[in-house]
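What follows is calculated from the coordinates using simple rules that are stated; it is not laboratory data. Here the structure is a predicted model, which means the values were calculated and not measured. Quick reminder, even Gly has a Cβ in these numbers, built from the backbone with ideal geometry, and neighbours come from all protein chains shown.
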């Protein structure tokens, strides 16, 4: 196997394989926070930020578009990369959750990651009610169980239960 090209640079396909191996090692050793993709509509950003902050406090690395994609990032590539690096996708279904641009692509990406990773990837769908109206679960997500939490703390409990991770023993800092 040739690792370097004529100029002494690591060959691109080898470099990406080495990076993937490094990432898997960090995850296995508990050295890397686990990414969780947060799918939502912009109108729900305030609520989703609260989940992002709480998941961060719990040691996860939530993926949210405004935080994860610097200016100039091609949107589809940034979103796809977010899914590839994640162990779960949480779909926050509210009355605002309609497919106007990227939502169907996000659902497709989540389903593809589920196919590739199997039990190491969860699709978590949470349906929220506001003023007596509930969000509508998109057809492609209906094949997965969804929850309708009464409030955010119950939603967080559902997230924790659905993650494909074994959480560690709590200890003093």
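Take every Cα-Cα distance within the range 34-162, group them into 10 Å bins from 0 onward, and report for each bin the whole-number percent of pairs it holds.
Reading the bins upward from 0: 12, 48, 35, 4.
Taking 0.36 nm per intervening residue step and subtracting the Cα-Cα distance, what contour gain separates residue 144 from residue 167 on full extension?
6.0 nm
Listing 126, 80 from the residue with the fewest other Cβ atoms within 10 Å to the one with the most, what is the order?
80, 126
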